[in-house]
Amino acid sequence: MTTLVKTPARRRFTVDEYHAMAAAGILEEKDRVELIDGEIVIMTPIGDEHHASVDTGNELLVEAVRRRAIVRVQGAIRLDEYNQPQPDFVILRRRRDFYRSGPAGPADVFLIIEVSHSSLSFDRGVKLPLYARFDIPEVWIANIPSRVIEVYTDPLGGEYTTRRTFRPGQTVSPIAFPDAALPVADVIGRSAEASG
């Protein structure tokens, strides 16, 4: 006789419910979480290399797209009713109210950047397909362990059809701002061997 094992049902949360949990104090500002496919996901702790790459990237991006786009640092983006990830960077269409009157959605995004150290498999395996599903035109993964920036473009059918890799000594530019050349080495830093 075959015994059927029933998988427990999962309860998906909407973005509005997620925000209500924060308003009620269930989720606190210090909680590093994001909403992915209706599930509250705990984000990995941020180390020194991650902080340094975010700080450097912020400085470079703000200078590169000044007054042409908004650079959102470690802020949320609402993709739909069940998805509100919090990438390290979102380059958004410039809006006079800076999105005070409503959240930025997929159509507002030029570029998403994830700085990946311990989160690399999650960023590639979960978040990248999520961004492709919502036709985010370009995603960069600053791959700290490999010291490269992986650039994903041309989303089609829930996946990116083009992947390019940029290494130290090269520059990388967003598709929407080809004049904004960011030195790869400045974003990902030097390896401990090269620094020592």
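The values are calculated or read from the model by the stated rules, or taken from the named source; none is laboratory data. Just so it is clear, the structure is predicted and the values come from calculations on it, not from any experiment. Every residue, glycine among them, receives a Cβ derived from its backbone with ideal geometry; neighbour counts consider all protein chains shown.
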- prompt: For the range 43-57, does any single residue satisfy the condition of being at pLDDT 90 or above and among the aliphatic types (A, V, I, L, M)?
  reply: no
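Rundown of residues vs (1) in a strand (DSSP E or B); (2) in contact (Cβ under 8 Å) with a residue 12 or more places away in the chain; (3) among the polar types (S, T, N, Q), yes/no style:
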| position | (1), (2), (3) |
| --- | --- |
| Ser101 | no, no, yes |
| Ile113 | yes, yes, no |
| Ser118 | no, yes, yes |
| Arg124 | no, yes, no |
| Asp135 | no, yes, no |
| Ala142 | yes, yes, no |
| Ala176 | no, yes, no |
| Ala180 | no, yes, no |
| Val187 | no, yes, no |
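Residues are listed down the side, and each one gets a yes or a no for (1) out of contact with any helix residue (DSSP H, G or I) (no Cβ under 7 Å at 6 or more places or on another chain); (2) more than 22 Å from Val41 (Cα to Cα):
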site: Phe122; (1), (2): yes, no
site: Leu130; (1), (2): yes, no
site: Val151; (1), (2): yes, yes
site: Phe166; (1), (2): no, yes
site: Gln170; (1), (2): no, yes
site: Ser173; (1), (2): yes, yes
- prompt: What number of residues within the range 102-128 are surrounded by fewer than 20 Cβ atoms within 10 Å (Cβ to Cβ) and among the small types (Gly, Ala, Ser)?
  reply: 6
- prompt: In this structure, is Ile112 at pLDDT 95 or above, under 29 Å from Arg12 (Cα atoms) and either touching a helix residue (DSSP H, G or I) at 6+ places or on another chain (Cβ under 6 Å) or not basic (Lys, Arg) (or both)?
  reply: yes
- prompt: Can Val71 be described as outside any loop (DSSP other than H, G, I, E, B), within 13 Å of the chain's Cα centre (by Cα), more than 25 Å from Glu159 (Cβ to Cβ) and modelled with pLDDT under 95?
  reply: no
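If only one of Pro106, Pro129 is touching a Gly at 6+ places or on another chain (Cβ under 9 Å), modelled with pLDDT of 95 or more and closer than 19 Å to Gln84 by Cβ, which one is it? Talk me through it step by step, then tell me what you get.
Details: Pro106 fails: touching a Gly at 6+ places or on another chain (Cβ under 9 Å).
None of the other options fit; the residue is Pro129.
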statement: Exactly one of Thr44, Thr7 is in a loop (DSSP other than H, G, I, E, B), exposed (fewer than 11 other Cβ atoms within 10 Å of the Cβ) and of a type in the set (S, T, N, Q), and that one is Thr7
message: So, Leu92, is that one touching an Asp or Glu at 6+ places or on another chain (Cβ under 7 Å), not in a helix (DSSP H, G or I) and not acidic (Asp, Glu) or not?
response: yes
message: Glu59 - would you say it is free of Cβ contacts under 8 Å to residues at least 12 places away in the same chain and surrounded by 14 or more Cβ atoms within 10 Å (Cβ to Cβ)?
response: no
task: Specify which of the listed residues (Tyr131, Tyr99) is buried (at least 20 other Cβ atoms within 10 Å of the Cβ) and of a type in the set (Phe, Trp, Tyr).
output: Tyr131
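Kindly evaluate Arg12 against the criterion of being more than 27 Å from Phe110 (Cα to Cα), touching a residue at least 24 places away in the same chain (Cβ under 8 Å), assigned to a loop (DSSP other than H, G, I, E, B) and not hydrophobic (A, V, I, L, M, F, W, C).
Details: more than 27 Å from Phe110 (Cα to Cα): yes; touching a residue at least 24 places away in the same chain (Cβ under 8 Å): yes; assigned to a loop (DSSP other than H, G, I, E, B): yes; not hydrophobic (A, V, I, L, M, F, W, C): yes.
When the stated conditions are applied, Arg12 passes them.
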query: Cβ-Cβ below 7 Å, separation at least six or inter-chain, first residue in the range 68-79 and at positive phi, second crowded, with 22+ Cβ neighbours inside 10 Å: which pairs?
result: Gln74/Asp88
